[in-house]
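Step one of this worksheet: look at the structure below.
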Amino acid sequence: MRLLLLILAMLFAVPVTAQDTMPPAPWAYRQLDDPEQEARAQALMETLRCLKCQSQSIADSDAPMAGDMRSQVRQRIAAGEDPEAIRAWLVERYGDYVSYTPRLTSLTWPLFALPLLLLAAIALLLRRRLRKGDGS
């Protein structure tokens, strides 16, 4: 039974270690030759979140996944693709969370509206409380 559990644990551990043993993507740590293209790529990479680190942009992260994303951005910029089209492709692939600049959609509008609703509720409560205090 222990041998079976050990074999199962080893089988599930292989995919976890596979990503770290892969070589980095071709453009993960290499800049584009054209400074203007590299500047556009860098500006875009600073607005995209590393999905593994979650608190760093892909420009700052050393995670293998961030390197793959940097490589994709640089390859697409070098091919002449618009940065916003690349962002849209990454959002479609990884979800809205990948972008530091969220879009207003039917799913995200409550996130934008909730702070305004809370402020309105607080203002209403304060107004009622102050009116009660004035009437005493």
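Rule-based calculations on the coordinates, nothing more; no lab input. This is a predicted model, so every value here is computed, not measured. Positions of Cβ are generated from backbone atoms using ideal geometry, with glycine treated the same way; all protein chains shown enter the neighbour counts.
For Met10, Met45, the sequence from fewest to most other C-beta atoms within 10 Å is Met10, Met45. Under a Gaussian network description of the chain, with springs only between Cα atoms under 10 Å, the residue in Pro26, Pro102, Pro110 that fluctuates furthest is Pro110.
Loop-located GluC sites (Glu not before Pro) across segment 62-123 with a Cβ neighbour count of 14 or fewer within 10 Å are Glu81, with loop assigned by DSSP. Listed from fewest to most Cβ neighbours within 10 Å, the set Arg49, Arg70 follows the order Arg49, Arg70.
Rounded to the nearest Hz, the phi-derived 3J(HN,Hα) couplings of segment 75-84 under the Karplus curve 6.51 cos²θ - 1.76 cosθ + 1.60 (θ = phi - 60°) are 4, 6, 5, 4, 7, x, 6, 5, x, 5, where x marks glycine and proline.
Net charge of the neighbourhood of Val91, taken over other residues with C-beta under 12 Å away and scored Lys/Arg +1, Asp/Glu -1, is +1. The gain in end-to-end length when the Arg128 to Leu11 segment is fully stretched comes to 35.8 nm, 0.36 nm per residue minus the alpha carbon separation.
Each residue of segment 48-64 was assigned a 3J(HN,Hα) from its phi angle through the Karplus curve 6.51 cos²θ - 1.76 cosθ + 1.60 (θ = phi - 60°); the sequence is 10, 8, 6, 6, 8, 7, 6, 10, 10, 7, 5, 5, 9, 7, 9, 5, x Hz, with glycine and proline shown as x.
Computed over the chain, the P(r) tail beyond 20 angstrom holds 62 percent of alpha carbon pairs.
Taking amide H positions as modeled 1.01 Å from N, with prolines and chain starts lacking one, the residues under 5 Å from Ser99 and 5 or more places away or on another chain are Arg49.
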